[in-house]
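The values are calculated or read from the model by the stated rules, or taken from the named source; none is laboratory data. Because the structure is a prediction, the values reported are computed rather than measured. So basically every Cβ, Gly included, is an ideal-geometry build from the backbone, and we count neighbours across all protein chains shown.
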Amino acid sequence: MKKTCSLLLLLAAALTASALTEEKIHETRAAKAGGKLIVDVDFGSINVAPGDGDKVVVDAYRKIEASSKEKEEEYFKAVPVSVTNEGDTVAVRAVRKHESLGAQLWNLMRHTTTEARYTIRVPASFSIDVDTAGGEISASGLTGTVKADTSGGELSFSSIHGDLNAETSGGDITSTGCDGVINLETSGGRIEVTDGRGKLQLETAGGAVTVKNFAGDAKIESSGGRIRLANISGKLHAETSGGAINAILPPTVTDDVRLETSAGAITVVAPPTAALTVDARTSAGGVSTDLPMSTMKADHDSLKGTINGGGKSIVLRTSAGSIRIVSADKETAQQ
């Protein structure tokens, strides 16, 4: 019995024993405005922002905790952080070469803890294409195109002046003060866009969406989440498979609006002077308006008509919920 207990204790100690290996890298590469940064790493967070002068400065930190020092050093040797100049492009890479599924599973099991951070400073006028298999990505203050992709982590962008394409397989996305064609997609998380201009396309497989103060067309899709909109001056199409939609129209409505939900109420706050053509319908609920309307058709669950002689179309659809059109003057007075 004592021998059996001793063997179990030795086995437990062997399974829980671990080492810890850390690595810090500081690299500087010559660069010039209008260039490009590529980052492709196995794991870790990535932060990119403007630095000083015509150069790219890379600070990388990696930590691995495994069952032995040898295994940790083996990984660092097999997957070094490389920083290279490729014409006008600076590339940062730390990716294991293609492996069989069995080898990937083995490496996953034996590396008990992994952590990495890549902090990179570039010229202010610079494009970036960054990819991590697991970690947060953030970028700010850049003039150029931005492409970001993570297999799991939050995405955050501010003051990006150029087209922005970003995708995460699981995490929230925020964008503040960005200008250009903006495409944001998450497989599970909320999306929040504040200020900016251009063209906006948002998609989440499950999460709330908030957009405030955007100048330009916007298309918004959620497979299940509430949508909040305020002061979008462009063509607006928002759709959710499950959740309420609240929209505050801008003082001047410049384009058509279409809001749809499969399960939830729709509330639209409209300026009393707006010239609108309304088409609202619910399959289970009521439709009401505070604004004087010339009615073409009205009953409990649908309303068609014009406000101030008609103008930009407002199409509202819900399969289960009420629809309300509220005067902005009344809404302000209640606040």
Cβ-Cβ under 7 Å pairs, at least 6 apart or on other chains, segment 71-100 side touching a residue at least 24 places away in the same chain (Cβ under 8 Å), far side part of a helix (DSSP H, G or I) = LYS71/ARG110; ARG96/ALA78
Would you be able to say whether some residue in segment 215-235 is over 31 Å from the mean Cα position of the chain (by Cα), without any contact (Cβ under 8 Å) to a residue 40 or more places away in the chain and assigned to a strand (DSSP E or B)?
-> no
Scan of segment 195-205 for residues that are more than 12 Å from the chain's Cα centre (by Cα) and surrounded by fewer than 24 Cβ atoms within 10 Å (Cβ to Cβ), ordered by number = ASP195, ARG197, GLY198, LYS199
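Given the criteria within 18 Å of SER327 (Cα to Cα), surrounded by fewer than 19 Cβ atoms within 10 Å (Cβ to Cβ), charged (D, E, K, R) and out of contact with any helix residue (DSSP H, G or I) (no Cβ under 7 Å at 6 or more places or on another chain), does ASP279 qualify? If you could, list the steps in order and put the result at the bottom.
Details: within 18 Å of SER327 (Cα to Cα): yes; surrounded by fewer than 19 Cβ atoms within 10 Å (Cβ to Cβ): yes; charged (D, E, K, R): yes; out of contact with any helix residue (DSSP H, G or I) (no Cβ under 7 Å at 6 or more places or on another chain): yes.
Yes, satisfied.
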Residue, surrounded by the fewest Cβ atoms within 10 Å (Cβ to Cβ), within segment 282-311, restricted to residues that are among the β-branched types (Val, Ile, Thr) and within 24 Å of ILE227 (Cα to Cα) = THR289
Tell me the strands (runs of 3 or more DSSP E) entirely within segment 31-147 that contain at least 2 residues that are modelled with pLDDT of 95 or more, hydrophobic (A, V, I, L, M, F, W, C) and within 30 Å of GLY198 (Cβ to Cβ).
-> 35-41, 45-50, 55-66, 89-94, 111-122, 126-132, 137-140
For segment 250-267, state whether one or more residues are basic (Lys, Arg), surrounded by fewer than 17 Cβ atoms within 10 Å (Cβ to Cβ) and under 18 Å from the mean Cα position of the chain (by Cα).
-> no
From the list THR277, THR267, THR252, which residue is free of Cβ contacts under 8 Å to residues at least 24 places away in the same chain and of a type in the set (Ser, Thr, Tyr)?
-> THR252
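Taking the conditions exactly as written (assigned to a loop (DSSP other than H, G, I, E, B), touching a residue at least 40 places away in the same chain (Cβ under 8 Å) and closer than 24 Å to ALA208 by Cα), does GLY243 satisfy them or not? Please lay out each step first, then the result.
Details: assigned to a loop (DSSP other than H, G, I, E, B): yes; touching a residue at least 40 places away in the same chain (Cβ under 8 Å): no; closer than 24 Å to ALA208 by Cα: yes.
The answer is no for GLY243.
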Hey, could you check segment 206-220 for residues that are crowded, with 20+ Cβ neighbours inside 10 Å and not β-branched (Val, Ile, Thr) and say which is modelled with the lowest pLDDT?
-> GLY207
When PRO292 is evaluated against the numbered criteria (1) in contact with a Ser or Thr (Cβ under 9 Å, 6 or more places away or on another chain); (2) in a loop (DSSP other than H, G, I, E, B); (3) at pLDDT below 95, which criterion, by number, is the only one it fails?
-> (1)
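Quick test for you: out of PRO292, PRO272, pick the one residue that is more than 27 Å from ARG197 (Cβ to Cβ) and without any contact (Cβ under 8 Å) to a residue 60 or more places away in the chain.
Numbers: PRO272 fails: more than 27 Å from ARG197 (Cβ to Cβ).
Sole residue among the options that is more than 27 Å from ARG197 (Cβ to Cβ) and without any contact (Cβ under 8 Å) to a residue 60 or more places away in the chain: PRO292.
Collect the residues in segment 223-242 that are in contact with a Gly (Cβ under 7 Å, 6 or more places away or on another chain), of a type outside the set (A, V, I, L, M) and modelled with pLDDT of 95 or more, keeping them in residue-number order.
First, pick out the residues of segment 223-242 that are in contact with a Gly (Cβ under 7 Å, 6 or more places away or on another chain): 223-227, 234, 240-242.
Pick out the ones that are also of a type outside the set (A, V, I, L, M) and you get 223-226, 234, 240-242.
Of everything in segment 223-242, those that are in contact with a Gly (Cβ under 7 Å, 6 or more places away or on another chain), of a type outside the set (A, V, I, L, M) and modelled with pLDDT of 95 or more turn out to be ARG226, GLY234, THR240.
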